[in-house]
Each structure stands twice: as structure tokens, then as C-alpha cells.
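K.L.:
I have a structure here, written as C-alpha cells, and I will follow up with some questions on it.
The values are calculated or read from the model by the stated rules, or taken from the named source; none is laboratory data. Predicted model, so just to flag it, every value in this text is computed and none were measured. Counting neighbours? That spans all protein chains shown, and the Cβs are built from the backbone with ideal geometry, glycine included.
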Amino acid sequence: MNNLARFYLTLVLSLYISLSLHAQSRLQNDYWKLDFQQDGMLQNLQIKRNEKWENIQLPEKEYKGFRWYISQQNKEENIILKRSLENTFTGSYKGIDLSLSYVLLENKLQINAVVTNNSGKEFSPEKLGLRMGISNYMQSYPQWNDIYFPTLLRAEKTHFWGYMMNPNGNILGLASPDPIASWSLNYNFGYGSKEVFFWGHRIYSTNLDLINTGPLPQRHPQNNSSLKPGQTKKWSVYLMDIPALEDVAQTLAKVYKAPAFEIRQTTLEKDKPFEVKVYNSDLSQLKLTSPSGAVKNIRTKNIKSGIAVYSFIPANETGVYTLTASNQNRITEAKITVREPWGWYLQRAREAALIYTQKASWNCENWYGFYSAYLAQVYYPNAEKLTQSNEQFSKVMSLMYDTVNAVPTKINNASRIQNTSTTIGILADKYRALKNISDLHLAAKLADHVIIPAQGKDGAYRNGHTHYTSVIYIAKSMLELAEIEKELGKKDTLWYNRYQKHYQSAKKAVDQLMFGMSAIETEGEGTFEDGMISCTALQIAAFALLQDNIQERNRYTKMAEDFINSHRSLTQLIVPDSRMRNGTLRFWEAQYDVMLGKNILSSPHGWSAWRAYATHYLYLLTGKEDYLIQTMNAMGSCVQTIDSKTGKLRWAFVIDPYVNTVQSTENFPGTSADKYNNNQFKAEEGKTKPVIIGEQYVDMVSDWFHANTSDNDVHEIFKCMEEVALGKAYILERKDGTLLTYNCSVIKKGNQLILSSNDDRLFKAHFNLKKKYRVNIPAWKQETSIPAGMNWFNKR
């Protein structure tokens, strides 16, 4: 055989082997298509939706999956498998034998994981888990529309459940009937320069940590931290399409065969009944544990088709209650909260703003607490605290601004226009509290400073070439000022002209946002970013509320809804936990805010309030019940950053169950005497201590770390609460005539509604009615007729 013939024969054999291997690597039915590499990792993954095949994006390099990985001493190593049987892959790691196999069960993809300890000694890794093999890497528009974000992952003592969702609204359900110790995310690191390097704003992929050392949250299985010699453990994990969010709990409960909670309202005021639905409800018991530890059994109200419905009023104790549902050997947990009065939280926030120092720095998060200080003064005047707040404010302003010429100083980093727009908002609230016209003059001049250098011909506010309208909310701050200027402008031409200028500037910025997702950006690393989307939605919706023309109002409303719908993938819309419900999913601020060395999911975080503004405005625009419930659930979870027992303010709630990291213990070298130093946190700088964080509140640091910290961004929560909840009651009439109420109680007598409230500053009630009613509010000594539709009724 000559060389040419030998070459062609080799080529044909190679092609034949390649095609044979490819054929052996395909797993397919009417719902799924999977192609495997010879090491068992996914090469292609498709799911059929609406008669069309959708490609599920896969991660690259070390984050490819499915595959086993191990973590020891905070170092991760992937374990290599090889095909042993069709759709089965096996390997070993230091005497630990592992396998993965795949089965298609109609619409479900089943992944079976088995580990056996043949090492002759106990095996106790930090983590032994599975790379999920689904990309969560949201890089740019429109790529990110098809990328699944790990929206909800939840370990229970006896099982595991959750889902991934993309901005298009597609949902990938995840469940296991077996106890999975924990889960973790592969955060990217990072971007920047050699001098300044940051944890990034993206996630590569997700891990299911089948074995995980402690400590873990109490709800997690507590006996999955090791393998004894000769011991074998098995897990089955299922992936499936879920048509809509309202189907998640009921669909997954059929897979993990444990009770599943559906709780629409997770935080309420005292004496309000909680409505709880439980799927897969062949219950042995439903228990309620109060914040003080008292336990009682809850009786069912109605049972049908495997669904139990409960209605109960918890004990007259504020705080977090734990619900535990069990059937046979399976148990599921939920949490609800009875909140304090809204004004209580604002007063505690003002106190915290004095404890956790407001300071001048290159980012406005360092002085965000002035919002709480001056808004509390509006409702709860306190001369001593006002003096203390004013002293701090004067110190910060003298460092940040040339107040004579109304321009930022060098330390302010003037290109960060959100610093100035935030200061405008604070000055507007300071004016509301003190009625000092000089504050409003300065705010107006600073607004001109934002417009002149930062607003382009297209209307967008920019930092250099970077779109900044939705970094915090430049246009909303402009409208907050314009609202006051408009009122003054009724009697003064100067203020009327200023109102026109600032309103028109905000209009141009909002109109530029109306070009949609392709027209916006965010600071830092580009991604489908929580704040970029929610701040865009809230600004468009806020502007829609100002429109008298119904066509224009509807046009802005539709765009705001488009943005908020895409944002569902970043929001905890169904988690049965009142500490987190409607929190948004952020994960890069820990390095700046509280000096932690790794990214963590903080939810709720101060910026979770941005979405609450948006849903509040959208409720006022559309009357949709879900928007009202989402707003109040968000406020309920967000204000719990203040401990209801102690009044202590915490920075945020972390939902990662296990993060092994470090935290700074003091200012960086050279900064201890400089409270206004611009230094950034790096884990390798300064003195640190090891910390393990998991499903918990993280304390503030700015009472002891006097260099640049951003934990005061938590005060956005209380700014939002004042706008949407404090002093305001909401009454919604459903089609069946029942009433949904917040911040009040209503007695319905024929065509009369009698309203009462525990809010000591109630001054406004919003009615969303199906027909006309006579409304009586005895505390106001007022009575009037409210027509069908949406209307405000104000205290005289």
C-alpha cells in the first residue's frame, strides 16, 4: 500500500471513528437533545419550547459540565471522567470513585451522581459537587437575553429545588428528591488594570455542592459533610422546562415529593392574616414558630386536589416567623414577617446614619444616609439629631463641593455625575424638612452643572462616553427637584423657569431610554445589570405618571413594563422567605461596601429598592395587583436590614449558603488618619480575618472602617419606603369584591368603607375600586365619595 492510499485509509477510519463516537454521544427525545464529549461533559444542550429547539448556552474551559469538582482549602480542582457505558461516565480521585449518568424521562432530564469512598479513610472535603454545565455569563445585549441566571437555588433538609431564568422569560426548573448540602456560584474575577483590579460583574456557572463542610444554614441538610470508608451516596437531579413563574412550586413539588409553599404576601403589619398555600399537601403537620420560639400547629382552611390553604394571624409579636410543612419523611421551610410600623424603621435609620459615619469620598454611597436623616426630620422632628446631621452634612459638603460656585471639588470625581444627582436629591429632602431656600438654590445650580457637561444631544446623561442615566437614577433626581420647583413656580418666575429647564432635561433623558435595551449602559463591567435595568424602568415609569396625555402615558408605561419583565430573572419573586422576597440579585458590592474578599449575592441590598420604585409606579399606572404586592413584599424584606429586636442597622442579607473568604479588620496602610482616602479594597492589602458567611445579615463597617466604604447605600431602602409606604394606605378591590389592604384595615358595610390605620403619620390613601364607595376615615374626621378606578384621598 503506497503512502497516498495509507493516508486516505487513515482519514476514512478517523472519520468513521469520529462519527461513531458522535452517534454514541447523542441523547435525544421529543423534549431534549444532548451531545457529550468522551469525558462526559456537555458539548450541546437543547430544549424544545413551543415546537422550537432552543440552544442552552454552555460555559467554557474549567466551568464546563456536567462534571465533578472538589474544593479543598479554597482551591478548586476538576475531576476527569471517562465513558464506561452508554451515557455513563466514571472516574476517581485519591480513592474516591465517582460517576455520572444521564436519562431522559419525557420532559425531564435526569442526572444521576454516585460517589463511593474506597480510600480506606474518612473523606471530608470542603466541597465535592457538580459543575452544572449551563452558562450564566451575561456579557452584552442581545447575547444576555438567552442566558439563564441562577435566580433561585434552595436547599432543604430533605431535598433541593430552584430555577434559572433568562431575560426572555424562559424558565429552567431544577429539583432533586435527595438532600443536597449546598450550592455555590462561579463569580468572575475580574476587570480593571494592574493598579486597580476588581471582582467582576458576571457569573460563569453554578455548582451543586453535594457534600459541603459546615457551617451551613439550619434549613440545609446537616449530615452531608463527609463520607465514611466504604460509604456510597447517590443523588438524582432533574432539569425541566417550566412555562411560568406561578407554575414553579407546584411543578417541582411533584419531582422532589415534598410540600411546597406559595405565599403571595410575605410581610404584613400586625393583626393581618397571612394566606398560605401548600402543594403536595398530604401533610402530617404545619407548624409556626414565633420569633421568641413559641411553636403552634396551624389548621388547614381548605384542602382540594393535593392543595392545602391556610389563613392565620400570627402572635402579636413583630419579627420573623418560621413555617415548617412536613409529610412522611420530607420537610420544607418558609418564613413570614410581622413588621414594625413604617415610621419606626425611618427613625432607626436616622439614628444609624449618625452611628455609621457619612463621609466625603469619590462615591455618593458614602453619604447616602443623609436621605434618612432629613426624611425622618420631615415626619419626626428632633432638634438634637438634626444638629448632629447638619454638622456631618456641612463637613461633607465643604469637602465635596465648592458651594459658592456650585461645582464639585477635585475629591468628588466630578465625572461620576451620580454623586451630584444624589446630592441634589438630598438637598431637595433637606428643603422639605427645613424649608431653607438656600438648599434649593444650591440644588438647582448643581442640576445645571449636571446638564451642561453631562447631557448629550441625544438626551442621555454621560460620564465621558459611558451612558450614565441609569447609574442610580439621574433623571429621577432631576424630577424630584423639579417637583418642588414646580410648586414654587406657581408664584415665582425664577422657580418656574428652573422647573421647565430641569423637567425638560429629565424628559430628554427618559426619551433616550425609550430606545430600549440597546440604548443603555452601566458603569464597571458590561452585563445585564440589576441596577441598569431597574433604574431604567423606574425612571420611565416615574415620567409616565406625570403625563396627562393617555397615549403618551401608555407608551412610557409599556416600555417600563418591558424592562421590569426582563428584570424578573434577577428578582426573588417566589422564594418563600420574607427576609429575601422581592430582593434583587447583586453580587459585586461586598468588596466595596463591607470590605469582603469575594463576591456574594446580597439580596436584599440597598439597591433592591430601585425595583420597588418601579413596581410602585407601575401599580399606580396600571392598577395590577401583582405590582402592589411586589412593592410591599420588597419593602417588607428591605426594611428588615434593621433588626426588629435591637434596632440595629445591617448592610444587606447574603443568600449564598457558604462563602469562605476574608474581611478587612482595619484601615489600609496609610489611611487610618485619612477618613476621605479614595483607596479601594483588595484582599491582599491590609490586615484581614477569615470569615465564613452563609444566608445571613452582614453588619455595617463604616462605624469603624473610616476610609472609603459604601455600606451607607442601604439608606436607599428608607428613601424608597418614605416615598411609597410611610403615611400611605392602599386599598384594592378584586373582581369578587374582596379587599386587599396595606397599612390600614377596612370594614366594608354595603357601599361604605371605614378605614383605620396604625400608621401615626397617615396622610394619604390610594383606592383601586371596581365601583363607587362612600369612604369614612374617622381618625381624619373626613368622609367622601370615591369613584370606581384609581384615586388618591388626602388628609386635609
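K.L.:
Please state which of the following conditions Lys507 fails to meet, knowing it meets all the rest: (1) under 27 Å from Asn166 (Cβ atoms); (2) part of a helix (DSSP H, G or I).
P.N.:
(1)
K.L.:
Given (1) free of Cβ contacts under 8 Å to residues at least 60 places away in the same chain; (2) within 25 Å of Gly214 (Cα to Cα); (3) more than 20 Å from the chain's Cα centre (by Cα), identify the lone condition not met by Pro150.
P.N.:
Looking at each condition in turn, Pro150 falls short on (3).
K.L.:
While we're looking at this one, here's another question. For region 761-774, check the following and say yes or no: at least one residue is part of a loop (DSSP other than H, G, I, E, B) and touching a residue at least 40 places away in the same chain (Cβ under 8 Å). Before the answer, list the steps.
P.N.:
Residues of region 761-774 part of a loop (DSSP other than H, G, I, E, B): 761-763, 770-772.
With the extra rule that they be touching a residue at least 40 places away in the same chain (Cβ under 8 Å), the set shrinks to 761.
Yes: region 761-774 contains one or more residues that are part of a loop (DSSP other than H, G, I, E, B) and touching a residue at least 40 places away in the same chain (Cβ under 8 Å).
K.L.:
Given the criterion free of Cβ contacts under 8 Å to residues at least 60 places away in the same chain and more than 30 Å from Ile693 (Cβ to Cβ), identify the matching residue among Lys82, Lys108, Lys75. I'd like the intermediate steps shown before the answer.
P.N.:
On the way: Lys108 fails: free of Cβ contacts under 8 Å to residues at least 60 places away in the same chain; Lys75 fails: more than 30 Å from Ile693 (Cβ to Cβ).
Checking each option against the conditions leaves just Lys82.
K.L.:
Considering only residues of region 539-558 that are hydrophobic (A, V, I, L, M, F, W, C) and either in the same structural domain as Arg154 (by TED's automatic domain parsing) or in a helix (DSSP H, G or I) (or both), which is surrounded by the fewest Cβ atoms within 10 Å (Cβ to Cβ)? First the steps, then the outcome.
P.N.:
The first filter runs over region 539-558 and keeps only residues hydrophobic (A, V, I, L, M, F, W, C), leaving 540-546, 550.
In the following step, the residues that additionally are either in the same structural domain as Arg154 (by TED's automatic domain parsing) or in a helix (DSSP H, G or I) (or both) were identified as 540-544, 550.
Details: Ile540: 28, Ala541: 29, Ala542: 24, Phe543: 26, Ala544: 24, Ile550: 8.
Checked region 539-558; the qualifying residue surrounded by the fewest Cβ atoms within 10 Å (Cβ to Cβ) is Ile550.
K.L.:
Can I ask one more? Within region 263-286, take every residue that is under 28 Å from the mean Cα position of the chain (by Cα) and part of a strand (DSSP E or B) and give me the one that is nearest to Asp247 (Cα to Cα).
P.N.:
Tyr279
K.L.:
Another question, then. Which numbered condition trips up Asp458, out of (1) closer than 30 Å to Gln512 by Cα; (2) at pLDDT below 95; (3) in a loop (DSSP other than H, G, I, E, B)?
P.N.:
In the conditions (1) closer than 30 Å to Gln512 by Cα; (2) at pLDDT below 95; (3) in a loop (DSSP other than H, G, I, E, B), Asp458 misses (2) alone.
K.L.:
Of the residues that make up region 538-551, is at least one modelled with pLDDT under 95 and charged (D, E, K, R)?
P.N.:
Let us first name the residues in region 538-551 that are modelled with pLDDT under 95, namely none.
No, there is no match, as no residue in region 538-551 is modelled with pLDDT under 95 and charged (D, E, K, R).
K.L.:
Right, here's the next one. Scan region 387-400 and tell me whether some residue there is part of a loop (DSSP other than H, G, I, E, B), free of Cβ contacts under 8 Å to residues at least 12 places away in the same chain and surrounded by fewer than 16 Cβ atoms within 10 Å (Cβ to Cβ). Steps first, answer last, please.
P.N.:
Residues of region 387-400 that are part of a loop (DSSP other than H, G, I, E, B), as a first pass: none.
Taking every residue of region 387-400 in turn, none turns out to be part of a loop (DSSP other than H, G, I, E, B), free of Cβ contacts under 8 Å to residues at least 12 places away in the same chain and surrounded by fewer than 16 Cβ atoms within 10 Å (Cβ to Cβ).
K.L.:
Given the criteria touching a strand residue (DSSP E or B) at 6+ places or on another chain (Cβ under 6 Å), surrounded by 17 or more Cβ atoms within 10 Å (Cβ to Cβ) and of a type in the set (Val, Ile, Thr), does Thr267 qualify? Explain how you work it out, then say what you get.
P.N.:
Values: touching a strand residue (DSSP E or B) at 6+ places or on another chain (Cβ under 6 Å): yes; surrounded by 17 or more Cβ atoms within 10 Å (Cβ to Cβ): yes; of a type in the set (Val, Ile, Thr): yes.
Judged against the criteria, Thr267 is a match.
K.L.:
Quick one: Pro453 ticks every box in (1) surrounded by fewer than 17 Cβ atoms within 10 Å (Cβ to Cβ); (2) assigned to a helix (DSSP H, G or I); (3) at pLDDT 95 or above except a single one, so which number is it?
P.N.:
Looking at each condition in turn, Pro453 falls short on (3).
K.L.:
Kindly check whether there is at least one residue in region 727-736 that is closer than 30 Å to Ile472 by Cβ, hydroxyl-bearing (Ser, Thr, Tyr) and either touching a Phe, Trp or Tyr at 6+ places or on another chain (Cβ under 9 Å) or surrounded by 14 or more Cβ atoms within 10 Å (Cβ to Cβ) (or both).
P.N.:
Start the filter on region 727-736 by keeping residues that are closer than 30 Å to Ile472 by Cβ, which leaves 727-730.
If we keep only those that are hydroxyl-bearing (Ser, Thr, Tyr) as well, we get 730.
Next, from what is left, pick out any that are either touching a Phe, Trp or Tyr at 6+ places or on another chain (Cβ under 9 Å) or surrounded by 14 or more Cβ atoms within 10 Å (Cβ to Cβ) (or both): 730.
Yes: region 727-736 contains one or more residues that are closer than 30 Å to Ile472 by Cβ, hydroxyl-bearing (Ser, Thr, Tyr) and either touching a Phe, Trp or Tyr at 6+ places or on another chain (Cβ under 9 Å) or surrounded by 14 or more Cβ atoms within 10 Å (Cβ to Cβ) (or both).
K.L.:
For region 97-106, indicate whether the set of residues that are in the same structural domain as His201 (by TED's automatic domain parsing), touching a Lys or Arg at 6+ places or on another chain (Cβ under 8 Å) and more than 18 Å from Asp178 (Cα to Cα) is non-empty. Let's see the steps before the verdict.
P.N.:
As a first pass, look at region 97-106 and keep what is in the same structural domain as His201 (by TED's automatic domain parsing): 97-106.
Checking the rest, the ones that are also touching a Lys or Arg at 6+ places or on another chain (Cβ under 8 Å) come to 100.
If we keep only those that are more than 18 Å from Asp178 (Cα to Cα) as well, we get none.
Looking for residues that are in the same structural domain as His201 (by TED's automatic domain parsing), touching a Lys or Arg at 6+ places or on another chain (Cβ under 8 Å) and more than 18 Å from Asp178 (Cα to Cα), one finds none in region 97-106, hence no.
K.L.:
Would you check if there is a residue in region 529-540 being farther than 23 Å from Met165 by Cα and free of Cβ contacts under 8 Å to residues at least 40 places away in the same chain? Full working, then the answer.
P.N.:
If we filter region 529-540 for residues that are farther than 23 Å from Met165 by Cα, which is where we start, we get 539-540.
Next cut, free of Cβ contacts under 8 Å to residues at least 40 places away in the same chain only: 540.
So far as region 529-540 goes, yes, one or more of its residues are farther than 23 Å from Met165 by Cα and free of Cβ contacts under 8 Å to residues at least 40 places away in the same chain.
K.L.:
What number goes with the only condition from (1) buried (at least 23 other Cβ atoms within 10 Å of the Cβ); (2) touching a Lys or Arg at 6+ places or on another chain (Cβ under 6 Å); (3) under 21 Å from Thr709 (Cα atoms) that Tyr374 does not pass?
P.N.:
(3)
K.L.:
Out of everything in region 363-402 that is aromatic (Phe, Trp, Tyr) and either modelled with pLDDT of 95 or more or over 17 Å from Leu446 (Cβ atoms) (or both), what residue ends up being nearest to the chain's Cα centre (by Cα)? Break it down into steps so the answer makes sense when it comes.
P.N.:
First, the residues of region 363-402 that are aromatic (Phe, Trp, Tyr): 367-368, 370-371, 374, 379-380, 393, 401.
Narrowing further to those that are either modelled with pLDDT of 95 or more or over 17 Å from Leu446 (Cβ atoms) (or both): 367-368, 370-371, 374, 379-380, 393.
Details: Trp367: 23, Tyr368: 20, Phe370: 24, Tyr371: 22, Tyr374: 27, Tyr379: 29, Tyr380: 30, Phe393: 30 Å.
Ranking the candidates gives Tyr368 first.
K.L.:
Please return the ranges of helices (runs of 4 or more DSSP H) entirely within region 559-666 where 3 or more residues are over 15 Å from the mean Cα position of the chain (by Cα), at pLDDT below 95 and in the same structural domain as Ala352 (by TED's automatic domain parsing). Spell out how you get there, then give the answer.
P.N.:
Working: elements: 590-593, 609-622, 625-638.
Qualifying helices (runs of 4 or more DSSP H): 590-593.
K.L.:
Among the residues of region 333-356, is there at least one that is in contact with a Ser or Thr (Cβ under 9 Å, 6 or more places away or on another chain) and modelled with pLDDT under 95?
P.N.:
Taking every residue of region 333-356 in turn, none turns out to be in contact with a Ser or Thr (Cβ under 9 Å, 6 or more places away or on another chain) and modelled with pLDDT under 95.
K.L.:
In region 420-433, is there at least one residue being among the aromatic types (Phe, Trp, Tyr), at pLDDT 95 or above and surrounded by fewer than 24 Cβ atoms within 10 Å (Cβ to Cβ)? Don't jump to the end; show me each part of the working.
P.N.:
In the first step, residues of region 420-433 are kept if they are among the aromatic types (Phe, Trp, Tyr); the result is 431.
Imposing the further condition that a residue be at pLDDT 95 or above reduces the set to 431.
Still in the list and also surrounded by fewer than 24 Cβ atoms within 10 Å (Cβ to Cβ): 431.
There is at least one residue in region 420-433 that is among the aromatic types (Phe, Trp, Tyr), at pLDDT 95 or above and surrounded by fewer than 24 Cβ atoms within 10 Å (Cβ to Cβ).
K.L.:
For residues that are assigned to a helix (DSSP H, G or I) and of a type in the set (A, V, I, L, M), scanning just region 407-431, find the one that is nearest to Gln455 (Cα to Cα). Can you show your working first?
P.N.:
In the first step, residues of region 407-431 are kept if they are assigned to a helix (DSSP H, G or I); the result is 410-412, 417-431.
Those still in the list that are of a type in the set (A, V, I, L, M) too: 411, 417, 424, 426-428.
Values: Ile411: 22, Ile417: 10, Ile424: 16, Ile426: 21, Leu427: 21, Ala428: 21 Å.
Going through the qualifying residues, I end up with Ile417.
K.L.:
With respect to Gly750, determine if the residue is at positive phi and free of Cβ contacts under 8 Å to residues at least 12 places away in the same chain.
P.N.:
Working: at positive phi: yes; free of Cβ contacts under 8 Å to residues at least 12 places away in the same chain: yes.
The answer is yes for Gly750.
K.L.:
Going through Glu333, Glu351, Glu317 one at a time, which residue ends up being in a loop (DSSP other than H, G, I, E, B) and either within 29 Å of the chain's Cα centre (by Cα) or under 30 Å from Ile424 (Cα atoms) (or both)? Explain how you work it out, then say what you get.
P.N.:
Working: Glu333 fails: in a loop (DSSP other than H, G, I, E, B); Glu351 fails: in a loop (DSSP other than H, G, I, E, B).
Within the list Glu333, Glu351, Glu317, the selection yields Glu317.
K.L.:
Whether any residue in region 29-42 is in contact with a Leu (Cβ under 7 Å, 6 or more places away or on another chain), more than 24 Å from Tyr204 (Cβ to Cβ) and surrounded by fewer than 18 Cβ atoms within 10 Å (Cβ to Cβ) is what I want to check.
P.N.:
yes
K.L.:
Restricting attention to region 775-789, which residues are surrounded by fewer than 16 Cβ atoms within 10 Å (Cβ to Cβ) and either part of a strand (DSSP E or B) or within 33 Å of the chain's Cα centre (by Cα) (or both)?
P.N.:
Result: Gln782, Glu783, Thr784, Ser785, Gly789.
Here's the yes/no breakdown for (1) over 18 Å from Ala334 (Cβ atoms); (2) crowded, with 20+ Cβ neighbours inside 10 Å:
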| site | (1), (2) |
| --- | --- |
| Gln231 | yes, no |
| Ser236 | yes, no |
| Glu246 | no, no |
| Pro259 | no, yes |
| Asp271 | yes, no |
| Val276 | no, yes |
| Gln285 | no, no |
| Val295 | no, no |
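K.L.:
Sticking with this structure for a sec: With respect to Tyr137, is the statement that it is part of a loop (DSSP other than H, G, I, E, B) and either surrounded by 15 or more Cβ atoms within 10 Å (Cβ to Cβ) or β-branched (Val, Ile, Thr) (or both) true? Spell out how you get there, then give the answer.
P.N.:
Numbers: part of a loop (DSSP other than H, G, I, E, B): yes; either surrounded by 15 or more Cβ atoms within 10 Å (Cβ to Cβ) or β-branched (Val, Ile, Thr) (or both): yes.
Judged against the criteria, Tyr137 is a match.
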